[in-house]
């Protein structure tokens, strides 16, 4: 047989073999799509651009509130008590914005709004109407619409006004901070209030700790954002109806006054450490969160709420909420649904990388989002002390989980585009678990009652836009972490953000999935846990090493005691009160750390130049971070305290490094390591 004839014979035989294989295999296994193993990665900046609005030198624009005026100028109130009018904030035609001082001399204006032709500002102690009577561009009249008392406590912030659907102005008043807990030292602090159009005060709801952000959803219902603290295990947003009690008992000192819509007393609130949802079953009026924001994963200090209405242009997420975070300088996205009259839903990451701590967001006339920021005294991962930026969507649709909806037997994920069916039907693409937080008087809470939710079935919709997950072990009142790391788009793009957290307050009615051979998930074989003889000593050695790094008793072999005692505390603005400590190499050190702040802190001593690496690793500890005191198990960590609550202190003992050099000490609580650090100088 000639070479040419042989080649033709071989090719024909090969074609017949391929056709035979195709005839017995599902078509999708041999398509070009399935043969392509490339996974394309998306980035936030591929879809959402952050533009910095320049601020003239000398203007300290520590943004407390923002509102647009009819001429499309942006009014910005500041923590310095000023109101600035910014013309051309869009920088159209390449021209810079112009700043004009409209009002000044007020007391920390943390909210501003343009309502019925006037600018209203919320100072610490009053709601003020500002008017320019002579038309010169400056306020001539500062009229007190309503005032409230203060106890001169630095934590008595006030926020608003937001206009409700009946035309009332909504305000919220912060609790004071006394020692290690919040107190309502002044009337109505810890409450949400309404001011009627005729200037009358109406107490609306109680139980707030630090309600820095609130707004209306598309249905006109009010939601407010809360920060971690006493009685608050993690940040969240809550639907607020008249007469609700949001959870912090300090505000109940005023509940028996005339006009109060809440009749609970402080002694009615149990301090058991149970999940808040469980306590609410026994305490009428106690309102569990609509959506929890897992601490350090999706923010550490929730702030402004912005409803995605027709004013916005930010991708395919209409009627969802955007929620800012002051500490982590980022924005989250919230999908809400109402099940049996109760709000619940999922929170997703959206956009990070802003220049300072986010406090306020507003829609511009072109659908872009203006973001106002400040960090003085509060600290943020964005290193600027203040800032004004603009977020713009470029029209491209990211591959995302658009929403997560509860089903009687699990969840249904809707995507922004068709999924790759093979990846979506693969059980390995998903992981679902649940957890909760303690409801108690302590500051914050570790994650409690963690558990997995085994996957029983997967159903992909005919249009491949939705995936239904049938799950076991779902729990009411719990936060459910839903990861879809393996799901790809039709064009094999990975998800821009591959996780969301759903707070399940009610099971919906409806049809359950019929589990069949085609959709059921075969559980993996159990993995037998064992430790061989070589691994056991390594684990024990790790425990010993950890104990040396966190030694709270003077070592027995220190026969002559310590060579040096160092006491270090905290200062406002995420700072240690000692910036430099000088010790001799090999010295026996007793270090006393006092947390004088109203936040959680630790003190971690690292190798030279390792503070950033250790701090970043601590942030990645996620749900288990608090249990580990946010101290990562890295060789770069030399010595550390535990995580201390407000007013707590701890003493540790360590031997200074034998090698002279510039070592660092840092607070590795997420978001703090950028600012809160010092130098341990070891000399010969």
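Nothing in this text is a laboratory measurement; each read-out follows from the coordinates by a stated rule. Note that the structure is a prediction, hence the values are computed from the model and not measured. With ideal geometry, Cβ positions are generated from the backbone for all residues, glycine too; neighbour counts draw on all protein chains shown.
Ranked highest first by average number of other Cβ atoms within 10 Å, how do 260-268, 438-446 line up?
Put in order of decreasing packing, that is 438-446, 260-268.
Give me the percent of DSSP beta bridges within the range 546-683 that run antiparallel, rounded to the nearest 5.
70
Any idea how far apart residue 221 and residue 318 come out in nm if each label point goes 7 Å out from Cα toward Cβ?
2.0
How long is the range 225-340 along each principal axis, judged by its Cα atoms, biggest number first, in Å?
Per principal axis, max minus min of the Cα coordinates gives 47, 29, 26 Å.
Mind giving me the nanometre distance, one decimal, between the label points for residue 421 and residue 684, set 7 Å out from Cα along Cα→Cβ?
7.5
For residue 659 and residue 37, calculate 0.36 nm times their separation in residues minus their Cα-Cα distance, and state this gained length in nm to one decimal.
That pair, residue 659 and residue 37, stretches by 218.9 nm at full extension.
Which shape class, rounded, prolate or oblate, goes with the range 295-394 when its Cα gyration tensor gives a ≥ b ≥ c as root eigenvalues, a/c under 1.5 marks rounded, and past that a/b bigger than b/c marks prolate?
Note, shape of the range 295-394 comes out oblate.
Compare the peptides 386-393, 210-217 by average per-residue count of other Cβ atoms within 10 angstrom and give them in order, highest first. Don't skip to the end; give the middle numbers.
Numbers: 386-393: 21.0, 210-217: 24.1.
Highest to lowest by the protection proxy: 210-217, 386-393.
Please list the equivalent ellipsoid semi-axes of the range 153-209, computed as the square roots of five times the alpha-carbon gyration tensor eigenvalues, in descending order and whole angstrom.
Its equivalent ellipsoid spans semi-axes of 24, 9, 9 Å.
So how far, in whole Å, is the C-alpha centre of the range 299-360 from the one of the range 372-408?
Centre-to-centre distance over Cα atoms comes out at 7 Å.
Points 7 angstrom from Cα along the Cβ direction at residue 465 and residue 118: gap in nanometres?
About 4.7 nm, to one decimal.
Rounded to whole Å and sorted largest first, what semi-axes of the equivalent ellipsoid does the C-alpha gyration tensor of the range 401-504 yield via the square root of 5 times each eigenvalue?
The three semi-axes for the range 401-504 are 28, 14, 11 Å.
Just from its helices, what would the mean residue ellipticity at 222 nm be for the chain, if runs of 4 or more DSSP H residues each count -39500 (n - 2.57) and the sum is divided by every residue, rounded to the nearest 500 deg cm²/dmol? Walk me through the intermediate numbers first.
Details: 6 runs with 59 residues, N = 684.
The per-residue figure over the chain is -2500 deg cm²/dmol.
Based on the Cβ-Cβ distance of residue 263 and residue 647, what FRET efficiency does E = 1/(1 + (r/R0)^6) give at R0 = 41 Å, to the nearest 0.05?
0.80
May I ask you to work out the translational diffusion coefficient for the range 115-193 at 10 °C, viscosity 1.306 mPa s, via Stokes-Einstein with Rh from the Kirkwood sum over Cα pairs, reported in whole µm²/s?
My calculation gives 115 µm²/s for D.
Please provide three numbers in whole Å: the alpha-carbon extents of the chain along the principal axes, with the largest listed first.
Principal extents (largest minus smallest coordinate, Cα): 104, 75, 58 Å.
Can you give the Kirkwood hydrodynamic radius of the range 45-393 from its Cα pairs, in Å with one decimal? It would help to have the intermediate numbers written out before the result.
Values: mean 1/r = 0.0493 Å⁻¹.
Evaluated over the range 45-393, this radius sits at 20.3 Å.
As an exercise, use a Förster radius of 22 Å and the Cβ-Cβ distance of residue 452 and residue 514 to find the FRET efficiency, rounded to the nearest 0.05.
Computed FRET efficiency for residue 452 and residue 514: 0.40.
Determine, for each peptide in 613-622, 50-59, 335-344, the mean count of other beta carbons within 10 angstrom over its residues, then list the peptides with the highest first. Kindly include the intermediate steps, with their values, before the conclusion.
Working: 613-622: 19.2, 50-59: 13.0, 335-344: 17.0.
In descending order of packing, they fall as 613-622, 335-344, 50-59.
Cα-based Rg of the range 546-683 per 2.2 N^0.38 Å, rounded to two decimals?
Working: Rg = 13.9 Å, N = 138, 2.2 N^0.38 = 14.3 Å.
Its radius of gyration relative to the 2.2 N^0.38 Å reference: 0.97.
Indicate, rounded to the nearest 5 percent, the antiparallel portion of the DSSP beta bridges found entirely in the chain.
Bridges in the chain that DSSP calls antiparallel: roughly 90 percent.
For a test of the definition: using alpha carbon positions, the gyration tensor, and the 1.5 limit on a/c, classify the range 585-639 as rounded, prolate or oblate. Before the final figure, lay out each step's value.
Values: a/c = 2.13, a/b = 1.19, b/c = 1.78.
Judged from the Cα gyration tensor, the range 585-639 comes out oblate (a/c at least 1.5, b/c at or above a/b).
What FRET efficiency do you get for residue 441 and residue 69 if R0 is 41 Å and r is their Cβ-Cβ distance, rounded to the nearest 0.05?
Result of the calculation: an efficiency of 0.40.
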